[in-house]
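Visitor: The structure is given below, and queries will be raised subsequently.
Readers should treat all values here as calculations from the given coordinates under stated rules, not as data from a laboratory. Everything quoted here is computed from the prediction, not taken from an experiment. All Cβ positions, even for glycine, are placed from backbone atoms using ideal geometry, and neighbour counts span all protein chains on display.
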């Protein structure tokens, strides 16, 4: 049993007593001794089940296709994808230049990063526009505490530029200026934005969020024109912008934060597309000119519908795709900017899950989405927004094997159909 060491804290006139506060002291030898004792106790109690544990592990492993490759997606001049190999715990990130028939280039082998580490996880991964440099973040603590790294993909050399506790980042258009957000060491609140120029010691703080209710994040629009800085609490948000071709400029607030107003912003053709809950519980989408995006200049693009919640909007050169919820189901609705026609992508089953994935090109008529249901494994589709043609690119294979049971020694059980998910992304995903 853990020793009780009462610690009293007074918050807003209320006295709280925590008998186990001392257990958060990671460097305290008594804490480590207690954890080791807990581990030993667990091993002792569970020892009679070791054979069953091994059997269950092998059964679950048998339903996973260990050697597998994700569907490649295009970003700039390259096709990016990740793959896994049997017996290796972590994914391998790769790319091919210009064509899927081109030679493979390994970008990050997470198995190599994990050598000598007790834990390894890759967070965000984003190549520069010219494809020469790679920004990526790693966590070797298990505490979602990410270190930012840069790699020269031409030489394979890891650059000396680094930053600790990075939670989001975005490239500027010059392929050397870089914006990243860091978290507070105690609260883990994302609160500061820095601008760094690769190859130099030039790093400057460009924004510091003082309100403890707000976290922040940075992203860049799909057309690469704008870098957005979003500040968000549970009930209020505020977005600022900086032109991506002017990395030395200053972020400008689009709409000042106000209580109960939640909004987010994207950009296309000199207009901001603002998803807002102002006067719209389920959100609506308005457009506003960049030179004055105040509410007096808002024009409805998608009106509020009490029966449909707008979860997000994804902008392409000639189309917009709405992510929506209606009747408890996810919907994807396509809007053609040329003729203003709207239609939803049709899904074959009455109950399912669907959402956009890996859309990295702005000038395209094809949108990619993932679909699955209780009886359909995770499936990746490309959808032509002009013709309505749907193309299945991959359906997750779930191997079925004979397993031994106490009732029937050769009974075949139907495997649970689930999608293997890696916490690794090539860039920040929008809605």
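Visitor: Would you mind putting 7-15, 230-238, 389-397 in packing order, based on average other-beta-carbon counts within 10 Å, highest first?
Guide: Those peptides, ordered most packed to least, come out 230-238, 389-397, 7-15.
Visitor: Give the share of C-alpha pairs in each 10 angstrom bin for segment 1-55, from 0 to the last occupied bin, in whole percents, shortest bins first.
Guide: For segment 1-55, the pair-distance distribution reads 21, 31, 24, 17, 7, 1.
Visitor: Run the numbers for residue 281 and residue 234: contour at 0.36 nm per residue of separation, minus the present Cα-Cα distance, in nm.
Guide: That pair, residue 281 and residue 234, stretches by 15.4 nm at full extension.
Visitor: Name the shape class, rounded, prolate or oblate, that the alpha-carbon gyration tensor gives for segment 56-185, where a ≥ b ≥ c are the square roots of its eigenvalues, rounded holds for a/c under 1.5, and otherwise prolate holds if a/b is larger than b/c and oblate otherwise. If you can, show how the numbers build up before the last one.
Guide: Working: a/c = 2.17, a/b = 1.18, b/c = 1.84.
Cα axes put segment 56-185 in the oblate bin.
Visitor: Report the full-extension gain for the segment residue 392 to residue 69: residue separation times 0.36 nm, less the Cα-Cα distance, to one decimal in nm.
Guide: Separation in residues times 0.36 nm, less the Cα-Cα distance, equals 114.8 nm.
Visitor: Output the peptides 325-331, 72-78, 168-174 sorted from most to least packed, where packing is the average of other Cβ atoms within 10 Å over each peptide's residues.
Guide: Working: 325-331: 12.6, 72-78: 17.1, 168-174: 22.9.
Averaged packing, sorted descending, gives the order 168-174, 72-78, 325-331.
Visitor: Still on this structure, I have one more. Which value does Rg/Rh take for segment 184-242 over its C-alpha atoms, Rh per Kirkwood?
Guide: Working: Rg = 12.9 Å, Rh = 12.7 Å.
Using Cα coordinates only, the ratio equals 1.01.
Visitor: On to the next question. Can you bin segment 1-99 into rounded, prolate or oblate? Criterion: square roots of the alpha carbon gyration tensor eigenvalues sorted a ≥ b ≥ c, rounded for a/c under 1.5, prolate for a/b above b/c, oblate for the rest.
Guide: oblate
Visitor: Over the chain, what is the mean sequence separation of C-alpha contacts under 8 Å (at least six apart), divided by residue count, expressed as relative contact order in percent? Before the final figure, lay out each step's value.
Guide: Values: 880 pairs, mean separation 35.5, N = 431.
The normalised contact order for the chain reaches 8 percent.
Visitor: Report the Cα centroid-to-centroid distance between segment 337-406 and segment 221-240 in angstrom, as an integer.
Guide: 27
Visitor: May I ask you to derive the relative contact order of segment 33-170, considering only C-alpha pairs under 8 Å and at least 6 residues apart, and to give it as an integer percent?
Guide: Reported relative contact order: 11 percent.
Visitor: So what is the 222 nm mean residue ellipticity for the chain from helices alone, if each DSSP H run of at least 4 adds -39500 (n - 2.57) and you divide by all residues, rounding to the nearest 500 deg cm²/dmol?
Guide: After summing the helix terms and dividing by the residues of the chain, the value is -2500 deg cm²/dmol.
Visitor: When 1/r is averaged over all different Cα pairs and the result inverted, which Kirkwood radius in Å belongs to segment 145-306? Let's see the in-between values first.
Guide: On the way: mean 1/r = 0.0592 Å⁻¹.
Evaluated on segment 145-306, it is 16.9 Å.
Visitor: Taking every pair of distinct Cα atoms and averaging 1/r, then inverting, what Kirkwood hydrodynamic radius in Å comes out for segment 125-173?
Guide: Radius from the Kirkwood sum: 11.3 Å.
Visitor: Further question on the same structure: How many angstrom separate the Cα center of segment 31-53 from the Cα center of segment 112-173?
Guide: After rounding, the separation between the Cα centres reads 35 Å.
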